[in-house]
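Reviewing the structure listed below.
The values are calculated or read from the model by the stated rules, or taken from the named source; none is laboratory data. The shown structure was predicted, so the numbers you read here are calculated from the model rather than taken from an experiment. We place every Cβ from the backbone using ideal geometry, glycine too, and count neighbours over all the protein chains shown. Ligands, DNA and RNA are excluded from the accessible area calculation, which covers all protein heavy atoms including side chains. Shrake-Rupley method; radii C 1.70, N 1.55, O 1.52, S 1.80 Å.
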Amino acid sequence: MGVLYIVPTPIGNLEDITLRALRVLREVSLIAAEDTRRTRVLLRHYDIDTPLLSYHDHNEARRVAELLEALARGDVALVSDAGMPTLADPGYELLRAALAEGLRVEVLPGPDSLTTALVGSGLPSDSFIWLGFLPVKARARSQLLAGLRHERRTLLACENPQRLLATLAAIRDALGERPLVVARELSKLHEEYLRGTVSEVLGQLETQGPRGEIMLVIGGAEEDEVWDEAQVRAALAERQAAGEPPGSAARAVAEVSGWKRRAVYALGLEGRAG
């Protein structure tokens, strides 16, 4: 039986790959790649001619069985477009299937945007939470962020440039004026870190416009952080305008604001009476 190698690839600069990764990519019988066109650029750069097979979100169910058959004949390397497979990239189902079959799995260390952005942000890196891609729908995104209001660890997430301004506004509404870093185009020619409070970074982006592949690094909550009355009223109004029942809205806002549910509910009653 073959070995499944999880091989991280450069997130931008083609020089950011280990000698071990290059050796594995040359020696395996097959490379499963998220986008064969992008992987061919890397392989041509290093004169590697190992056969490729596409493996991505849309063909994952079918490909897992094929790749398990390939592993019965020889070694297989799994790569994504950039960085570490399975971290906001395809590969998890193949990894699980290989482990379930008792196959040997080797994970190679290498480049990834998560740790690069975290260290480059200058925010605390001793403890953090990886959120992956934030929800596309505004309400789900706001609810996720609201649930992290009292989280003191640094938060990291991927975001699409087209949604970035709306996401930063949602972060400000849910978490307040935290220190925040937008890390874009990491390891590439136009690498950039935008640092400041949420509003300060928003101001920079409204001027120059969001571009490129983006990682968000958000500072954790301060100890015993409690919302002021205006924030509580605004959060209640947003939830009620979306049709959420008063009791449910009060409970959700209380969980993230540091207020008692009864006090939040009373504010809601005042708002409806007014």
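The alpha-carbon atoms of the range 196-239, seen along their principal axes, cover 36, 25, 17 angstrom, with the largest extent given first.
Run the paramagnetic zone check for Ile48: 7 angstrom along Cα to Cβ, then residues of the range 101-133 with backbone nitrogen under 13 Å. Within reach of a label on Ile48, which here means backbone N under 13 Å from a point 7 Å along Cα→Cβ, the range 101-133 contributes 108-111. Maximal additional length on extending the Thr36-Arg96 stretch stands at 19.4 nm, based on 0.36 nm per residue less the C-alpha distance. Let me make sure I get this right: for the range 22-69, a, b and c are the square roots of the gyration tensor eigenvalues over alpha carbons, sorted descending. Under 1.5 in a/c it's rounded, otherwise prolate if a/b > b/c, else oblate. Which is it? Oblate, because a/c is 1.5 or more while a/b does not exceed b/c. Compared with the rule-of-thumb size 2.2 N^0.38 Å for a compact globular protein, the chain has a Cα radius of gyration ratio of 1.21. Accessible area per residue for the chain is 50 Å², calculated with a 1.4 Å probe on protein heavy atoms, without ligands, DNA or RNA. Here the chain is assigned +1 on the Cβ of each Lys and Arg and -1 on the Cβ of each Asp and Glu. Its dipole about the Cα centre then comes out at about 600 debye.
Run a plain Debye calculation on the range 124-181 (Cα atoms as equal point scatterers, no solvent) and give log10 I(q)/I(0) at q = 0.15, 0.17, 0.21, 0.28 Å⁻¹, rounded to two decimals, same order as the q list. Values returned for q = 0.15, 0.17, 0.21, 0.28 Å⁻¹ are -0.40, -0.52, -0.81, -1.45. Largest GNM mean-square fluctuation across Arg172, Arg62, Arg141, computed for the chain with C-alpha springs under 10 Å, falls on Arg62.
Secondary structure note: in the chain, about 50% of the DSSP beta bridges are antiparallel.
Given that compact globular proteins tend to follow 2.2 N^0.38 Å, what is the ratio of the alpha-carbon Rg of the range 131-274 to that value?
Working: Rg = 16.3 Å, N = 144, 2.2 N^0.38 = 14.5 Å.
Rounded to two decimals, the normalised Rg is 1.12.
Just checking the listed ones, Pro245, Pro85, Pro111: in the Gaussian network model of the chain with Cα springs under 10 Å, the one fluctuating most is Pro245. Relative contact order of the range 1-99: 43 percent, from C-alpha pairs under 8 Å at least 6 residues apart in sequence.
Over the residues of the chain, the helix contribution to mean residue ellipticity at 222 nm works out to -13500 deg cm²/dmol, using -39500 (n - 2.57) for each DSSP H run of at least 4. Among the protein heavy atoms of the range 126-209, carbon and sulfur supply 53% of the accessible surface, probe 1.4 Å, non-protein parts ignored.
What net charge is computed for the residues neighbouring Arg37, neighbours being all others with C-beta under 15 Å from the C-beta of Arg37, Lys and Arg scored +1, Asp and Glu -1? Cβ neighbours under 15 Å give a net charge of 0. Calculated on the Cα set of the range 83-147, radius of gyration then Dmax: 15.6, 42 Å. Here the gap between Arg261 and Glu177, fully extended at 0.36 nm per residue and compared with their Cα-Cα distance, gives a gain of 27.9 nm. Using only the C-alpha atoms, the convex hull of the range 1-101 corresponds to 87 Å³ per residue.
Counting only protein heavy atoms and a 1.4 Å probe, tell me what percentage of the range 21-116's accessible area is made up of carbon and sulfur. So the carbon and sulfur contribution to the accessible surface is 47 percent.
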